[in-house]
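Here's the structure we're looking at; comments come further down.
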Amino acid sequence: MTQQLKATLTVDKNNKIGKVNERIYGSFIEHLGRAVYGGIYDPEHPEADEQGFRKDVINLVKELQVPIVRYPGGNMVSAYNWEDGVGPKENRPKRLELAWRTIETNEVGTNEFVDWAKKVNAEVMMAVNLGTRGIDAARNLIEYTNHPGGTYWSELRKSHGYEQPHHIKTWCLGNEMDGPWQVGHKTAYEYGRIAQETGKAMKLVDPSIELVACGSSNTGMPTFPEYEATVLDIAYDQVDYISLHQYYGNRTNDPANYLAKNMDMDHFIHTVTSTCDYIKAKHRSKKTIMLSFDEWNVWYHSNEADKEIEPWTVAPPQLEDVYNFEDALLVGSMLITLLNHADRVKMACMAQLVNVIAPIMTENKGRSWKQTIFYPYMHASVFGRGVAIHPILSSPKYDSKDFTDVPFIDSASVYNEETEELTIFLVNKHLEESITLQADVRSFEDYSLVEHIVLENDDLKAINTANEQKVAPHHNGESTLQDGVLDARLSKTSWNVIRLKK
Ligand code: AHR
């Protein structure tokens, strides 16, 4: 008989990391696979609205309370002509889409996407093409979207039926420009220069916007973190955020090692934060660059199937990862990592939102359903609003192939001062044992336990389908709260949401 494993946690309301910017619960829709066509847009679907958008998908996105959605790419944006996607649909050209080697029909473009975002109560984070294009296309696009009227591009928008400007606030200066796969890939110096000059022109059109510069595509890039340092050295005064992208997978079927991978994400955030602050010091600047983790998720299940896809078809089923239970656990841990960096990570986008490495899946003209990763994402987005509190955590640890001293327990706490609620998110990564948690929450006087939500499954490989939700949360977690001490049983391999309220 093994000894019961124990962890302790102190959550003190005065020990703040920082306000959680709700935009860390953002997501991403790229013109890729069936994200747009068959995903959010399917005019022949029985639940399509007057614009062809699927109402069933809109409702699922609303459940996630996604505050901001990045668009239109991704790799796709690096060879995209935004002008192809505006104006009468019958005049829009079909194009070869080079990033994913498909046919882009341009039935959906900037205006339709802005309309869709309003329907799901989200802001748009718009990316400009700094691969094949540059300053001119970007300044014209922002004149089209944000200028009130009286000029060529703003009047063109009005002639397309959009009298009022869209006021898009957040703009990405290209996408993953460090990656050799990118159309128009650039060295850090080349990219820094074009980001600086494009950003300058865009802010001349609309000084109220904020700009995200590309950082590294992942921690494994040979130019990481020098790319960030060089780009920021050139464009520091122009940009407001630096982007981070990271995907993980369990290719060797080593769950213990896989579930530890948010430690790499944590290290990534620390390194980029230090790089930003080094350039800040070098420039004697008062401005602090914030982090936009605008692509993060699990991505590996679909890699082999994607190699078989015929090029030059419209909206093929690309990057359709079917997520299992262990993926939901890692996603939960990644959300915890983002929350524990709430002072510097001010935006983040789960990549992506529908069909393409996504929490929501659909059939063309058919059903829609929640993947396993939907649940931790929804819980964090709905309950994780407020101030992030430093978790003073003591947890048993393990070593895995790539990591040492991995805490079995990951935890983040969010205190919502307005609603007087405290939510504690926890993952138990132990593959065989439950762990008992004792949490000191005495600083939350007169709080009582609302619920303990648990996502658990005996089968790490369990998946959800259109027919069956094998992985879904229940509300029967074992917790008690007495005299400011919370005792909870965290079952083996589980995602837990413990909610307290005054
Ligand atoms: O999200 C899928 C792809 O991953 C994006 O297009 C690209 O930016 C990243 O490499």
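Computed from phi, the 3J(HN,Hα) profile of segment 488-496 under the Karplus parametrisation 6.51, -1.76, 1.60 (θ = phi - 60°) reads 9, 9, 9, 5, 3, 5, 9, 9, 10 Hz, with x in place of Gly and Pro. With R₀ fixed at 41 Å, the C-beta to C-beta distance from Val450 to Asp405 puts the FRET efficiency at about 0.80. Distances between placed amide hydrogens fall under 5 Å for Tyr323 paired with Thr372, all partners being 5 or more residues away or on another chain.
Each stretch of four or more DSSP H residues adds -39500 (n - 2.57); spread over every residue of the chain, this sum gives -7500 deg cm²/dmol at 222 nm.
What GluC sites (Glu not before Pro) does segment 1-82 have in DSSP loop regions with at most 13 other beta carbons within 10 Å? Don't skip to the end; give the middle numbers.
Values: sites: Glu22, Glu30, Glu44, Glu47, Glu50, Glu63; in loops: Glu30, Glu44, Glu47, Glu50.
Answer by residue number: Glu44, Glu50.
Bridge orientation summary for segment 21-383: considering DSSP beta bridges with both residues in this region, about 20 percent are antiparallel. Computed packing ranks the peptides 325-338, 364-377, 270-283 as 325-338, 364-377, 270-283, most packed first, by mean other Cβ atoms within 10 Å.
The Val485 and Val387 beta-carbon pair, evaluated with R₀ = 25 Å, returns a calculated FRET efficiency of approximately 0.70. This model, with +1 at the C-beta of Lys and Arg and -1 at the C-beta of Asp and Glu, gives segment 1-154 a dipole about its Cα centre of some 740 debye.
Please report, ordered by residue number, every helix of the chain (full DSSP H runs) that is 18 Å or longer along its axis going by C-alpha atoms and whose mean Kyte-Doolittle hydropathy reaches 0.5. Mind dumping the intermediate values first?
Numbers: long enough: 188-205 (25 Å, -0.39); 262-282 (30 Å, -0.40); 325-339 (21 Å, 1.69).
Span-like helices here: 325-339.
Between the amide H of Ala348 and those of Ile24, Tyr25, Gly26, Phe293, distances stay under 5 Å, these residues lying 5 or more places away or on another chain, with hydrogens modeled in the peptide plane.
Partners of Lys94 within straight-line reach, counting lysines whose Cα lies under 24 Å from its Cα and excluding those fewer than 8 residues away in the same chain: Lys158, Lys307, Lys365. How big is the gap, in Å, between the Cα center of segment 321-338 and the Cα center of segment 162-176? Taking the Cα centre of segment 162-176 as reference, the centre of segment 321-338 is 30 Å away. For trypsin sites (Lys or Arg not before Pro), the sites in segment 32-130 that DSSP calls loop and that have at most 14 other Cβ atoms within 10 Å are Lys94, Arg101.
When Leu455, Leu98 are arranged by Cβ crowding within 10 Å, least crowded first, meaning fewest neighbours, the order is Leu98, Leu455.
Extents of segment 18-146, largest first, come to 44, 36, 27 Å (Cα atoms, principal axes, whole angstrom).
Full extension of the chain segment joining Ile135 with Asp115 gains 4.6 nm, where the gain is 0.36 nm per residue of separation less the Cα-Cα distance. Among His245, Asn121, Gly149, whose Cα projects farthest towards the positive end of the dipole of segment 21-383, with charges put on the beta-carbon of Lys, Arg (+1) and Asp, Glu (-1)? Sorting the options by dipole projection puts first Gly149.
Starting from the Cα of Thr8, step 7 Å toward the Cβ, then list every residue of segment 433-465 with an amide N under 20 Å from that point. Correct set: 435-445. Remark: C-alpha extents of segment 21-383 on the principal axes read 52, 52, 39 Å, sorted largest to smallest.
Label zone of Glu418 (point 7 Å out along Cα→Cβ, amide N under 11 Å): in segment 48-72 this covers no residue at all.
With the simple spin-label model, which puts each label point 7 Å out from Cα in the Cβ direction, the Asn81 to Asn253 separation comes to 4.9 nm. In segment 446-479, which GluC sites (Glu not before Pro) fall in coil by DSSP and have 11 or fewer other Cβ atoms within 10 Å? Here the GluC sites (Glu not before Pro) that fit, given the DSSP loop and packing criteria, are Glu468.
A straight chain from Thr223 to Asp440 at 0.36 nm per residue would run longer than the Cα-Cα distance by 73.8 nm.
Bear in mind these aren't lab numbers, they're just calculated from the coordinates by the rules spelled out. On a predicted model such as this, the values are computed, not experimentally measured, just so you know. In this analysis, Cβ positions are derived from the backbone assuming ideal geometry, glycine residues included, and neighbour counts consider all displayed protein chains.
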